[in-house]
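Rule-based calculations on the coordinates, nothing more; no lab input. Remember, it's a predicted structure, so these values are computed and weren't measured experimentally. Every residue, glycine as well, gets a Cβ built from its backbone with ideal geometry; the counts of neighbours run over all protein chains shown.
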Amino acid sequence: MVNCLPKLYINESYRQSLTVPVVQGMIALDRGETIDVQAILKKEKITPAKMIVTRVRGIYLLTAEGFQNVWFLKVVSKEQASYNFKANPKKDKLRNPRFLHSESHHCAILVVETNNGDTRWFVHAGGTIARKCEDVSKK
């Protein structure tokens, strides 16, 4: 009977980022999801103690201290997600990364430490990193 019910598209965003421990190449989110991040760790060539995770318009964003990239995960089935990355614009290893959200929740704001204070970049659910949040309704 459930399969006959009408369906809604859930395009949720978190209001904050989560800091989750990396245990044996896996991270566990607070709602019960577990994500095998071993392929990402292999590409980054480091295994951090924790990762920073948020969700924007249905896309998970992941990064960590010492990473050079922000990783985009899109759920494609109950057990799988596609993933790709964008290098941070400075191409440096990230220091003390954290995600905030824009007021509209169409972008996450990646905040990283630099020698001159914090730098902010807008991370769009569409897969780009920019100085502005313009990814208002691209699906």
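For the chain, what does the relative contact order come out to in percent, with C-alpha contacts under 8 Å and a separation of six or more?
This gives 17 percent for the chain.
Show which aspartates and glutamates lie in cross-link reach of residue 86 when reach means a straight Cα distance below 20 angstrom and same-chain residues fewer than eight apart are skipped.
36, 44, 65, 113, 118, 134, 135
Less than 13 Å apart at the alpha-carbon level, and either on another chain or at least 8 residues along: which aspartates and glutamates does that give for residue 74?
Leaving aside aspartates and glutamates fewer than 8 places away in the same chain, those within reach of residue 74 are 12.
Please identify every one of the trypsin sites (Lys or Arg not before Pro) in segment 22-64 that sits in a loop by DSSP and has no more than 13 other beta carbons within 10 Å of its own beta carbon.
Answer by residue number: 31, 45.
At most 16 other Cβ atoms within 10 Å and a DSSP loop assignment: could you name the chymotrypsin sites (Phe, Trp or Tyr not before Pro) in segment 1-107 that fit?
Passing both the DSSP loop test and the Cβ count: 9.
When the dipole is taken about the Cα centre of the chain, and only Lys, Arg (+1) and Asp, Glu (-1) are charged at their Cβ, what size is it in debye, to the nearest 20?
Dipole about the Cα centre, nearest 20: 320 debye.
Could you derive backbone 3J(HN,Hα) for segment 62-78 from the dihedral phi with the Karplus parameters 6.51, -1.76 and 1.60 (θ = phi - 60°), listing whole Hz in sequence and x where the residue is Gly or Pro?
10, 7, 7, 4, x, 6, 9, 10, 9, 9, 10, 10, 10, 5, 10, 7, 4
Where in segment 93-134 are there GluC sites (Glu not before Pro) that are in a DSSP coil and have at most 12 other Cβ atoms within 10 angstrom of their Cβ?
In loop regions of segment 93-134 (DSSP not H, G, I, E or B), the sparsely surrounded GluC sites (Glu not before Pro) are 103.
Rounded to two decimals, what is the ratio between the C-alpha radius of gyration of segment 10-130 and 2.2 N^0.38 Å?
0.98
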